[in-house]
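The values are calculated or read from the model by the stated rules, or taken from the named source; none is laboratory data. Because the structure is a prediction, the values reported are computed rather than measured. Here Cβ is always computed from backbone atoms with ideal geometry, including for glycine, and neighbour counts include all displayed protein chains. Side chains included, ligands, DNA and RNA excluded: accessible areas come from the protein's heavy atoms. Shrake-Rupley method; radii C 1.70, N 1.55, O 1.52, S 1.80 Å.
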Amino acid sequence: MFTLTNDDTGRTFEFPSEDAYEAANWWYTNSRKETVFDFCAKHGLDLSEPTDDPYFLGGRKLVDDWRDAAAELYARVTNLID
């Protein structure tokens, strides 16, 4: 098991191995942001959170660890995670 803790949020993400993490990391690094967001939405993962910051016109912003969350989901859905 490979566990990654996001330095900014403190959330942990689990992968069966560092290789599985690297493969999922490769996927989101080499995919368009829209593709990653669509994949996550299709599988029920919302990468946004509410915010009062007026910079975000829609009242929502990306969670700080969206890349790690997307990689974990991708690994799970594509059977990189047992």
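General remarks:
- Members of segment 1-57 found to be in contact (Cβ under 8 Å) with a residue 40 or more places away in the chain and either in contact with a Lys or Arg (Cβ under 8 Å, 6 or more places away or on another chain) or polar (S, T, N, Q) (or both), listed by number: N6, T9, N25, Y28
- Qualifying positions in segment 10-34 - modelled with pLDDT under 95, outside any helix (DSSP H, G or I) and hydroxyl-bearing (S, T, Y): S17
- Of the residues making up segment 58-71, not one is touching a residue at least 60 places away in the same chain (Cβ under 8 Å) and of a type outside the set (D, E).
- Considering (1) in a helix (DSSP H, G or I); (2) of a type in the set (D, E); (3) open to solvent by 100 Å² or more (accessible area, probe 1.4 Å), the lone condition that D52 does not fulfil carries the number (1).
- Segment 35-49 - residue that is touching a strand residue (DSSP E or B) at 6+ places or on another chain (Cβ under 7 Å) and either assigned to a loop (DSSP other than H, G, I, E, B) or among the hydroxyl-bearing types (S, T, Y) (or both) and, of those, nearest to R76 (Cα to Cα): L47
- Within segment 61-80, the residues that satisfy the criterion of being under 22 Å from D7 (Cα atoms), open to solvent by 30 Å² or more (accessible area, probe 1.4 Å) and outside any helix (DSSP H, G or I) are K61, L62, D64.
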